[in-house]
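See below for the structure under consideration.
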Ligand code: ADP
Ligand code: ADP
Ligand code: ZN
């Protein structure tokens, strides 16, 4: 299964990704996670990406495309993959198409998680993430059993540096300008499935599974 999760910041892509990779046994490739890991490790890539991420801007296409191209060549992507947060520009989508042609494979579905812009800031600002296992919570909509502690691994939860109201608003604007055009791009390729992301987390997942024809 070769999938893309598309949607604005805070739509629930990462949350749904964890269920999808478990069910379909494909690697979860989140470009945001790759950048955050590099920032944590202080690599050159991390330092470059941080400048953009802190401002809510997109990391330049060349940097992102090279990373994804490299990642998709790895063995664990042979039977499929889930791209989360990539592509985010038409240029990235065109470059991905070239990579897929080279690999002689095609996309099964692009899942567009549709959420009204009005709820995105609250979702992102209340997001809490576990840096150890990657689990995502929300202080109000999906709270951990114990405040500030990861349900899955017991480690401390954190707020992302870019999950402030100001930066999230900027990211939403960037989404509208740069990423939203991908909805039509993939509609034209006849691989788009739009899912209502403003339902219970489990219901969103059910709808995704149904859209993949796996009910
Ligand atoms: P994205 O990866 O698209 O930025 P996340 O999956 O990290 O989004 O979700 C953003 C925040 O919203 C998280 O705190 C998450 O717990 C919460 N969330 C995810 N899905 C839902 C939902 N269906 N209803 C309410 N809150 C949700
Ligand atoms: P969210 O889903 O909440 O927007 P991500 O973790 O996907 O968060 O992305 C965080 C940041 O990482 C983005 O605001 C951007 O700066 C950078 N980033 C992630 N993926 C891409 C991409 N495909 N192209 C450019 N920048 C990216
Ligand atoms: Zn954890």
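The values are calculated or read from the model by the stated rules, or taken from the named source; none is laboratory data. None of the values given here were measured: they were computed from a predicted structure. No Cβ is skipped: glycine too gets one built from the backbone with ideal geometry, and neighbour counts run over all protein chains shown.
List the number of the failed condition for residue 135; all other conditions in (1) at pLDDT 95 or above; (2) touching a strand residue (DSSP E or B) at 6+ places or on another chain (Cβ under 8 Å); (3) within 22 Å of residue 24 (Cβ to Cβ) hold. Residue 135 satisfies all of (1) at pLDDT 95 or above; (2) touching a strand residue (DSSP E or B) at 6+ places or on another chain (Cβ under 8 Å); (3) within 22 Å of residue 24 (Cβ to Cβ) except (1). Checked across the range 11-25, the condition of being within 16 Å of ligand 3 (Cβ to nearest atom), over 15 Å from residue 95 (Cβ atoms) and either free of Cβ contacts under 8 Å to residues at least 12 places away in the same chain or more than 17 Å from the chain's Cα centre (by Cα) (or both) holds for at least one residue. Given the structure, is residue 65 at pLDDT 95 or above and touching a strand residue (DSSP E or B) at 6+ places or on another chain (Cβ under 7 Å)? Against the criterion (at pLDDT 95 or above and touching a strand residue (DSSP E or B) at 6+ places or on another chain (Cβ under 7 Å)), residue 65 does not qualify. Residues in the range 101-119 that are outside any loop (DSSP other than H, G, I, E, B) and in contact with a strand residue (DSSP E or B) (Cβ under 8 Å, 6 or more places away or on another chain): 109, 110, 111, 112, 113, 114. Within the range 100-113, is even one residue free of Cβ contacts under 8 Å to residues at least 40 places away in the same chain and within 15 Å of ligand 2 (Cβ to nearest atom)? No: zero hits.
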